[in-house]
Amino acid sequence: MTRTLLLVAGPSGSGKSRLTRLAAQASTAFPLSLDDFYHDADHPGLPMTPMGIPDWDRVETWDLDLALASISMLLSTGSCEVPEYDISLSRRVGSKVIDLGDASMVVAEGIFAIDALNPARRAGINAEGWWLDRRRAANFSRRLARDLREKRKTPPVLLRRGAALYRAEPGLRREAMRQGFAPTSMRAALARLSA
């Protein structure tokens, strides 16, 4: 069986996780969260914010090599071991073995999907990239509500981070387009995945 990788990118709060879950329910796709490939907060050399905490929006906080090796193994053998990451603790808390079963596609999402598309293609992975194109204000609201509900960080950190992400969103979109991602709405993405 030939399996493919669909990387779903978009700003934090754009609905990447929701799209991935719905895609898995509506088709023969397997969901994979790229957030599980973050480094631990005490990993040497992490970029820091002026607040003195790791800058989790920088790609250096994420393990691209492990993510690509895991995806490659998953697509070629149908199973692999992946880390389990707890965002509230800023560290890996274990690992799990995942099995694709009869899934023909892995739908992987996360803010660093942008940085994975071209390296995946260079590694011989059949990969496609979609950018979830949604309104910035709605992304901000969804992100803040989710992060407060999940107690990801303290409210002041979430507000400062949210404002910074809001300002950075247009540049992130430009970079995704430069890397080869195709812009799509949530509705169009769901329709395409369920076809």
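The values are calculated or read from the model by the stated rules, or taken from the named source; none is laboratory data. As the structure is a computational prediction, the values presented were derived from the model and not from experiment. Neighbour counts are summed over all protein chains in view; Cβ atoms, including those assigned to glycine, are modelled from backbone coordinates with ideal geometry.
Pick from Leu193, Leu158, Leu144: which is touching a residue at least 40 places away in the same chain (Cβ under 8 Å) and over 22 Å from Arg3 (Cα atoms)?
Matching residue, one of Leu193, Leu158, Leu144: Leu144.
For residues that are touching a helix residue (DSSP H, G or I) at 6+ places or on another chain (Cβ under 8 Å), modelled with pLDDT of 90 or more and not in a loop (DSSP other than H, G, I, E, B), scanning just the stretch 177-195, find the one that is surrounded by the fewest Cβ atoms within 10 Å (Cβ to Cβ).
Pro183
Would you mind finding the one in Thr61, Thr20 that is surrounded by 18 or more Cβ atoms within 10 Å (Cβ to Cβ), of a type in the set (S, T, N, Q), touching an Asp or Glu at 6+ places or on another chain (Cβ under 6 Å) and touching a residue at least 12 places away in the same chain (Cβ under 8 Å)?
It is Thr20.
Filter the stretch 118-141 down to residues that are within 13 Å of Gly10 (Cα to Cα), part of a helix (DSSP H, G or I) and out of contact with any helix residue (DSSP H, G or I) (no Cβ under 6 Å at 6 or more places or on another chain), then give me how many there are.
Adding up the residues that qualify gives 2.
Going by what's in this entry, would Ala67 be described as among the small types (Gly, Ala, Ser) and touching a residue at least 60 places away in the same chain (Cβ under 8 Å)?
Judged against the criteria, Ala67 is not a match.
Within the stretch 98-115, track down each residue that is over 12 Å from the mean Cα position of the chain (by Cα) and of a type in the set (D, E, K, R).
Those that are over 12 Å from the mean Cα position of the chain (by Cα) and of a type in the set (D, E, K, R): Asp99, Asp102.
Restrict the check to the stretch 92-99 and report whether at least one residue is in a helix (DSSP H, G or I), surrounded by 13 or more Cβ atoms within 10 Å (Cβ to Cβ) and without any contact (Cβ under 8 Å) to a residue 60 or more places away in the chain.
No, every residue in the stretch 92-99 fails to be in a helix (DSSP H, G or I), surrounded by 13 or more Cβ atoms within 10 Å (Cβ to Cβ) and without any contact (Cβ under 8 Å) to a residue 60 or more places away in the chain.
Identify all residues within the stretch 9-55 that are part of a loop (DSSP other than H, G, I, E, B), of a type outside the set (A, V, I, L, M, F, W, C) and under 20 Å from Leu144 (Cα atoms); write none if there are none.
Gly10, Pro11, Ser12, Gly13, Ser14, Gly15, Thr49, Asp55
I'd like to know if the stretch 126-137 contains one or more residues that are in contact with a Lys or Arg (Cβ under 8 Å, 6 or more places away or on another chain), within 21 Å of Ala188 (Cα to Cα) and small (Gly, Ala, Ser).
Scanning the stretch 126-137 turns up at least one residue that is in contact with a Lys or Arg (Cβ under 8 Å, 6 or more places away or on another chain), within 21 Å of Ala188 (Cα to Cα) and small (Gly, Ala, Ser).
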